[in-house]
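**Q** Let me begin by handing over the structure; questions about it come next.
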Amino acid sequence: MFPLIFRAVRVYAPYITLPAAALIGIIGYNVENWLSDKYTPYQESIKEKRTERLLENGTSNDGSLKEKKFISDTVFDKNLSPSLQDKN
């Protein structure tokens, strides 16, 4: 009797386990949705926080980093010879 039952279970195992696993997965997914909090508050990235901290605390030889005097306004101001630079 047992060999006949084991043979039937072995043959029909995929037809039994797939729906059972799907049912357990659906139930688990819905229970997790009901119990968990889906809201995640916005936080600035680490890079943004570091940049803000450096802008608030740091200074360079040219002055404050917020003024950014050492950064050129246009691409054409980047590689000027010393004779063409403003003396302001």
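**Q** Show the residue pairs that are 6+ apart or on different chains and have beta-carbon atoms under 8 Å apart, the first residue being within segment 1-19 and open to solvent by less than 100 Å² (accessible area, probe 1.4 Å), the second being modelled with pLDDT under 90.
**A** That search, which allows pairs on different chains as well, returns VAL9/ILE16.
**Q** Every residue in segment 51-64 that is open to solvent by less than 70 Å² (accessible area, probe 1.4 Å) and either at pLDDT 80 or above or touching a helix residue (DSSP H, G or I) at 6+ places or on another chain (Cβ under 9 Å) (or both), please.
**A** Passing the criteria: THR51, LEU55, SER64.
**Q** Among (1) at positive phi; (2) at pLDDT 85 or above, where does GLN43 come up short?
**A** Going through the list (1) at positive phi; (2) at pLDDT 85 or above, GLN43 breaks only (1).
**Q** Run down GLU32, GLU48, GLU67 and say which single residue is surrounded by 10 or more Cβ atoms within 10 Å (Cβ to Cβ), modelled with pLDDT of 75 or more and not small (Gly, Ala, Ser).
**A** After ruling out the rest, the residue left standing is GLU48.
The values are calculated or read from the model by the stated rules, or taken from the named source; none is laboratory data. Note that the coordinates shown come from a computational prediction; the quantities given were computed from them, not determined experimentally. Ideal geometry is used to build each Cβ from the backbone, glycine not excepted, and the neighbour counts take in all protein chains shown. Calculation scope for accessible area: heavy atoms of the full protein, side chains included, ligands and nucleic acids excluded. Shrake-Rupley method; radii C 1.70, N 1.55, O 1.52, S 1.80 Å.
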